[in-house]
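Working notes, structure below.
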Amino acid sequence: MLPDMKTALMILALILTPMPGLADGKRGHEAARAAVEAGEIVPLGRILDAATRDFGGTMLEVELERERGRWVYEVKLLLPGGRVVEAHYDAGTATLMREDKR
């Protein structure tokens with residue numbers, strides 16, 4: 001379930017952005033879908049649910065990247081009061097790895 005149109009646009013940007021480090025040259029959405037189907041990563045919806053539960057706020061951006069040999073979802077959220085948090089979730093388990101608040 002998408003919270004708002006801004007979130008939908010951020011997800012679309014993620015899908016249309018090629019992911020670095022893909023040996024087979026698949027576009028971002030193709031590689032993400034293949035990784036979900038192979039059980040390597042969890043679906044983006046599960047990450048969005050976790051970020052909303054963990055932080056609340058408004059979704060600003062989502063990226064799927066390789067960090068230290070594993071897939072990581074980076075989620076930027078605007079928190080109440082104007083602070084921004086970048087939450088890093090293990091894409092295979094949806095576990096919060098770290099958060100950077102600004």
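The values are calculated or read from the model by the stated rules, or taken from the named source; none is laboratory data. Because the structure is predicted, anything quoted here is derived from the model rather than measured. Ideal geometry is used to build each Cβ from the backbone, glycine not excepted, and the neighbour counts take in all protein chains shown.
Being modelled with pLDDT under 95 and assigned to a loop (DSSP other than H, G, I, E, B) narrows it down to one of G81, G45, so name that one. Before the answer, list the steps.
Numbers: G45 fails: assigned to a loop (DSSP other than H, G, I, E, B).
Exactly one of G81, G45 is modelled with pLDDT under 95 and assigned to a loop (DSSP other than H, G, I, E, B), namely G81.
Give the range 71-89 a look and list any residue that's among the β-branched types (V, I, T) and either crowded, with 16+ Cβ neighbours inside 10 Å or under 16 Å from P43 (Cα atoms) (or both), or say none.
Selection gives V72, V75, V85.
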